[in-house]
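**Student:** I have a structure here, written as C-alpha cells, and I will follow up with some questions on it.
Laboratory data are not the source of any read-out in this text; all were calculated from the coordinates shown. Here the structure is a predicted model, which means the values were calculated and not measured. Reconstructed Cβ throughout: ideal geometry from the backbone, glycine too, with neighbour counts over all protein chains shown.
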Amino acid sequence: MSAPLFLVESLPTGDQLTLDGPEGHHAATVQRLRVGEELLLADGRGGTAAAVVTAVGRGSLEIEVTSRGYVDASVPRLVVVQGIAKGDRGELAVQAMTEVGVDEIVPWAASRSVVQWRGDRGVRARQKWTATAREAAKQARRAWLPVVAGAPDESTPTVARRLAGAAAAFVLHEGARERLSTVELPTAGEIVLVVGPEGGVSEAEVATFAQAGARPVRLGPTVLRTSTAGVAALAVLATRLARW
C-alpha cells in the first residue's frame with residue numbers, strides 16, 4: 001500500500017519537521033503511524049516531500065524528509081460546473097470528481113437547483129465542498145488540491161462568461177446528439193463541463209451556454225444522477241487525454 005499523504009501549508013525547508021495540528025493528530029492518533037513508517041507531504045500546489053517517522057508524540061509526529069519532488073499541473077485543465085444539489089449529493093460529486101482528477105469545481109446556482117446557497121448557509125455549504133475536496137485529494141494521493149470556486153456560488157451569467165473563455169466547453173444533456181467520447185478536445189487551456197442539478201439544465205440555460213460557445217453532449221443511453229454524471233464525464237476525458 002502506498003504511503004499516506006498529508007497536506008501542509010508549505011513544505012519544510014529543512015530535513016526535520018514536527019507534523020502537528022489536525023494533520024499531525026490524524027497521522028498519530030487516527031492512522032497510528034509508527035517510527036520507521038513512511039509518509040508523503042504535499043502543499044496542494046504540486047510540491048511533495050517523502051518522509052519517515054522518527055518519533056511519535058501526543059497528536060504529533062517527528063519526521064525526517066528523505067526526498068522532494070514536484071508534480072506538474074495537468075494540461076488541459078479540467079473544470080466542472082456542478083449544479084447545486086440537495087442533501088449530500090453535491091458532496092458525493094465533489095469527492096468522486098476529486099478522486100478522478102478534477103482541477104476546479106464551480107458551484108452553480110441553476111434555475112432547477114432545489115437548494116439555494118444564501119448568506120451564512122451558502123458559506124457553510126461551500127466550506128463543506130472545500131473540506132470534502134481536501135480529504136478526497138489526500139485519499140487519492142494528489143499533489144494538486146482542486147480549487148472550489150464561488151462566493152459561495154456562481155450565477156448562470158457568470159458561468160456563461162467562464163464558458164466563453166474556455167478552450168472547450170460542454171453541457172451534459174441527455175437530449176444531445178454528440179457524445180463526449182468522440183468530440184474534439186483541445187491540448188491546452190481549460191475544458192469546462194456543465195453538470196445540472198437533480199432537475200437537469202433548463203432549455204433557457206442550454207441556450208445561454210450555447211451562445212457562450214458550449215456544446216451539448218451526452219455520455220450514453222442512460223440518464224445519470226447529478227452526483228455521478230461529472231465523475232463519469234471526467235473518466236471519459238481522463239481516458240481520452242491519456243491520463244488513465
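**Student:** Debye sum, Cα scatterers, segment 109-158, no solvent: what log₁₀ I/I(0) at q = 0.17, 0.19, 0.21 1/Å?
**Tutor:** The Cα Debye sum returns log10 ratios of -0.59, -0.69, -0.78.
**Student:** Where in segment 215-244 does the label zone of residue 140 land, with the point 7 angstrom along Cα→C-beta and an amide N cut-off under 18 Å?
**Tutor:** Flagged as within label range: 226-244.
**Student:** Note the direction-averaged projected area, equal to a quarter of the hull surface, for the Cα convex hull of the chain, in nm². Show your work: numbers first, answer last.
**Tutor:** Details: hull surface 56.0 nm².
It is 14.0 nm².
**Student:** For segment 5-70, which semi-axes, largest first and in whole Å, follow from the square roots of 5 times the eigenvalues of its Cα gyration tensor?
**Tutor:** 18, 12, 9
**Student:** When all C-alpha to C-alpha distances in segment 109-244 are sorted into bins of 10 Å, what percent of pairs does each bin hold, rounded to whole numbers?
**Tutor:** The percentages, shortest bin first, are 11, 38, 40, 11, 0.
**Student:** Label points 7 Å out from Cα along the Cβ direction at residue 38 and residue 112: separation in nm?
**Tutor:** Result for the modelled spin labels: 4.8 nm.
**Student:** Let me ask something else about it. Rounded to the nearest 500 deg cm²/dmol, what is the calculated helix-only ellipticity per residue at 222 nm for the chain, with -39500 (n - 2.57) per DSSP H run of length n ≥ 4?
**Tutor:** After summing the helix terms and dividing by the residues of the chain, the value is -9000 deg cm²/dmol.
**Student:** Count neighbours as other Cβ atoms within 10 Å of each site's Cβ, and list the trypsin sites (Lys or Arg not before Pro) in segment 97-172 that are DSSP loop with at most 12 such neighbours.
**Tutor:** 118
**Student:** While we're on this one: Provide the gained length on full extension for the span residue 67 to residue 228, in nm with one decimal, where the gain is 0.36 nm per separating residue minus the Cα-Cα distance.
**Tutor:** 54.2 nm
**Student:** Within segment 84-112, what residues put their amide N at less than 19 Å from the label point 7 Å along the Cα-to-Cβ vector of residue 123?
**Tutor:** It comes to 107, nothing else.
**Student:** Sticking with this structure for a sec: At most 11 other Cβ atoms within 10 Å and a DSSP loop assignment: could you name the GluC sites (Glu not before Pro) in segment 178-238 that fit?
**Tutor:** Within segment 178-238, the qualifying GluC sites (Glu not before Pro) (loop, at most 11 other Cβ atoms within 10 Å) are 184.
**Student:** Starting from the 7 Å offset along Cα-to-Cβ, what nm value, one decimal, do you get for the label separation of residue 86 and residue 164?
**Tutor:** Using points 7 Å along Cα→Cβ, the separation is 3.4 nm.
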